[in-house]
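Participant: First, the structure itself, so that you have it in front of you.
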Amino acid sequence: MQIINRCSMEFKSIPDNVGFARVAVAAFASQLDCTLPELEEIKVAVSEAVGNAIIHGYRNKPDKTIKITVTIYKEGLEIKVQDDGIGIADIDLAMQPAYSTDPERMGLGFVFMQSFSDRLQVDSAPGEGTTVTMFKHIGLRSAKARAN
């Protein structure tokens, strides 16, 4: 796939940065021909991925780092959210609706990410962190960019 544009950022694992991440990714994604509902879906998916990194990956330790890379391709938008946290021992189990390692959470993060993405990939191993990659098919806004 041909890269049209790319943005990378990293920030501390504090809850205030969930809102920052969702707005920053949505602003970058607005280069595409997104509808308002699609932008809202992108924001929710990013919020869930970043929230999971903070709560589950880092167990709310505020001194850790979360990395996001957003790539625009002719075919759509790819969002990668990475942490170097505790990792996920059983990805299939973690992706089940209502499963959570925190009894106060609803366990719907991966459900939302999956329903708001055309492709969701989770790479993780205990002690090695987690990378969540979401891809959404959205057309480019300008005809000139589509032609390239």
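Values in this text are rule-based calculations from the coordinates and carry no lab data. From a predicted model like this one, the values you see are computed outputs, not experimental measurements. For neighbour counting, all protein chains shown are included, and Cβ atoms are generated from backbone atoms with ideal geometry for every residue, glycine included.
Participant: Nearest 10 degrees, 0 to 90: what angle lies between the long axis of helix 16-29 and the longest principal axis of the chain (Cα atoms)?
Facilitator: 20
Participant: Turning to a different aspect of this structure: Compute for the chain: radius of gyration divided by Kirkwood radius, i.e. Rg/Rh, restricted to C-alpha atoms, rounded to two decimals.
Facilitator: So for the chain, dividing Rg by the Kirkwood Rh gives 0.98.
Participant: With +1 on each Lys and Arg Cβ and -1 on each Asp and Glu Cβ, how big is the dipole of the chain about its Cα centre, in debye rounded to the nearest 20? Write down the numbers at each step before the final one.
Facilitator: Details: 16 positive and 19 negative charges, 120 e Å.
Dipole magnitude for the chain comes out near 580 debye.
Participant: Right, here's the next one. For residue 43, what charge total do you get from the other residues with a beta carbon under 13 Å from its beta carbon, if Lys and Arg give +1 and Asp and Glu give -1?
Facilitator: Here the charged neighbours net out to -2.
Participant: Further question: Under a straight-distance cross-link criterion of Cα-Cα below 14 Å, which aspartates and glutamates are reachable from residue 61, leaving out those fewer than 8 residues away in the same chain?
Facilitator: 16, 83, 84
Participant: Sticking with this one: Report, in degrees rounded to the nearest 10, the 0 to 90 angle that the Cα long axis of helix 36-52 makes with the longest principal axis of the chain.
Facilitator: Rounded to the nearest ten degrees, it is 30.
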